[in-house]
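> Starting off with a structure, shown below.
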Amino acid sequence: MGPRVELPSQPSLRRIRRFGVRPDRELGQNFLIDSNILGVIERAAQLDRGDVVLEIGGGLGVLSEYLAQRVAHVHVVELDERLREALADATEPYENVAVHWADAMSIDLQALWPEPTKVVANMPYGIAAGALIRTIEELPRVGSWAAMVQREVGERLAADPGSGAYGIPSVLAQLACEVRVLRSIPRAVFYPTPNVDSVLVRLWRRAGSTEMLSPELRALVAGAFAHRRKTLVGSLALSRPISARSREQLREALTALGHPSDVRAERLSPEDFRALASVLGR
């Protein structure tokens, strides 16, 4: 027999060594290797024994197993089939964990049972904003989110109207939620060390905001920001068919909301966009 190989005690590092895991940068994989940050996430998420948690990007399962010991049920969504052994090592001891091998951007979220009530995740880079917006829109029972994301994504989600970071993700997230960037996350807690900074972001669903955003509202927001150097009305005219009557209605509505008729999209609040969508829908 050869000499016994001592494996690291930290779960992610142990699984990387044991299962020969090689992170895939194209999938935005930066595995959590500092277990001290788990307590920070727990406090931010305000976990309760009755929670049903959705974790997007299970990775090596260090967060999955931590959640499993503290909540009623955990849905783990992971795309990379090469992580099967490592993720199974983390989750198989727990009967309250369901692993879904799927793309978080296409999985049928409404088919998850029991229905998630919280989202807690170390989000894969590249899909963070889109995946969070999906869960806001398609999982009405989710009341709060605690997620580690790139600093740029966190700042966009929480941006105020008029700031350079304010855009489509800001409006869509804030129409349904209050958004706050809680704290920076050191690069050293991830492997491989990312080239960008990360933050812990927290979202709370606004009372009564359980309806899905209408396709008309989404199209309005997307069109308004499609040409940022143009006026809102001009950007919409360039990005979608819009009648002369609708243009005039928009200008009148903008004035009624206290904006000049030639205002740019980044000056409008999320609720202003909801009001404009209502005008166009008449």
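The values are calculated or read from the model by the stated rules, or taken from the named source; none is laboratory data. None of the values given here were measured: they were computed from a predicted structure. Cβ sites come from the backbone with ideal geometry, for glycine too, and all protein chains shown count toward neighbours. Just the protein is used for accessible areas: all its heavy atoms, side chains included, with ligands, DNA and RNA removed. Shrake-Rupley method; radii C 1.70, N 1.55, O 1.52, S 1.80 Å.
> Just to check your reading of the model, which residue among A237, A277 is assigned to a helix (DSSP H, G or I), open to solvent by less than 50 Å² (accessible area, probe 1.4 Å), of a type in the set (A, V, I, L, M, F, W, C) and free of Cβ contacts under 8 Å to residues at least 12 places away in the same chain?
Going through A237, A277 in turn, the sole match is A237.
> Now, a different point. When G258 is evaluated against the numbered criteria (1) open to solvent by 70 Å² or more (accessible area, probe 1.4 Å); (2) on the phi > 0 side of the Ramachandran plot, which criterion, by number, is the only one it fails?
So the condition that G258 fails would be (1).
> So L220 fits all but one of (1) surrounded by 13 or more Cβ atoms within 10 Å (Cβ to Cβ); (2) closer than 30 Å to L60 by Cα; (3) at pLDDT below 95; what number is the exception?
(2)
> Additional query: Provide a single number: the residues in the stretch 1-51 that are among the hydroxyl-bearing types (S, T, Y) and within 23 Å of G126 (Cα to Cα).
1
> Of the conditions (1) open to solvent by 40 Å² or more (accessible area, probe 1.4 Å); (2) within 19 Å of the chain's Cα centre (by Cα), T231 clears all except one; give me its number.
(2)
> Within the stretch 6-35, take every residue that is assigned to a helix (DSSP H, G or I) and modelled with pLDDT under 95 and give me the one that is nearest to T91 (Cα to Cα).
Top of the filtered list is L27.
> With the condition kept exactly as written, say whether any residue in the stretch 156-166 is touching an Asp or Glu at 6+ places or on another chain (Cβ under 8 Å), open to solvent by 10 Å² or more (accessible area, probe 1.4 Å) and among the hydrophobic types (A, V, I, L, M, F, W, C).
The answer is yes; a qualifying residue exists.
> Is it the case that some residue within the stretch 40-51 is charged (D, E, K, R) and touching a strand residue (DSSP E or B) at 6+ places or on another chain (Cβ under 8 Å)?
For the stretch 40-51, residues charged (D, E, K, R) and touching a strand residue (DSSP E or B) at 6+ places or on another chain (Cβ under 8 Å): present.
> Looking at this structure, is E271 open to solvent by 20 Å² or more (accessible area, probe 1.4 Å), closer than 19 Å to I168 by Cα and in contact with a helix residue (DSSP H, G or I) (Cβ under 6 Å, 6 or more places away or on another chain)?
Considered against the rule, which asks whether it is open to solvent by 20 Å² or more (accessible area, probe 1.4 Å), closer than 19 Å to I168 by Cα and in contact with a helix residue (DSSP H, G or I) (Cβ under 6 Å, 6 or more places away or on another chain), E271 comes out as no.
> Just for strands (runs of 3 or more DSSP E) wholly inside the stretch 41-114: which have at least 3 residues that are open to solvent by less than 40 Å² (accessible area, probe 1.4 Å)?
Where strands (runs of 3 or more DSSP E) fall fully within the stretch 41-114 and carry at least 3 residues being open to solvent by less than 40 Å² (accessible area, probe 1.4 Å), they are 52-56, 73-78.
> Find all pairs meeting these conditions: Cβ atoms under 7 angstrom apart; at least six residues apart or on different chains; first residue within the stretch 16-29 and farther than 13 Å from P192 by Cβ; second residue open to solvent by 100 Å² or more (accessible area, probe 1.4 Å).
F19/E85
> So in the stretch 195-217, with the set limited to residues that are over 20 Å from S269 (Cα atoms) and surrounded by fewer than 17 Cβ atoms within 10 Å (Cβ to Cβ), which one is farthest from the chain's Cα centre (by Cα)?
Per the criteria, the residue is N195.
> Yes or no: the stretch 169-190 includes at least one residue that is open to solvent by 70 Å² or more (accessible area, probe 1.4 Å), part of a strand (DSSP E or B), under 22 Å from L276 (Cβ atoms) and of a type outside the set (K, R).
yes
> Please find, within the stretch 168-220, the residue that is farthest from I242 (Cα to Cα) out of those that are without any contact (Cβ under 8 Å) to a residue 40 or more places away in the chain and charged (D, E, K, R).
Checked the stretch 168-220; the qualifying residue farthest from I242 (Cα to Cα) is R187.
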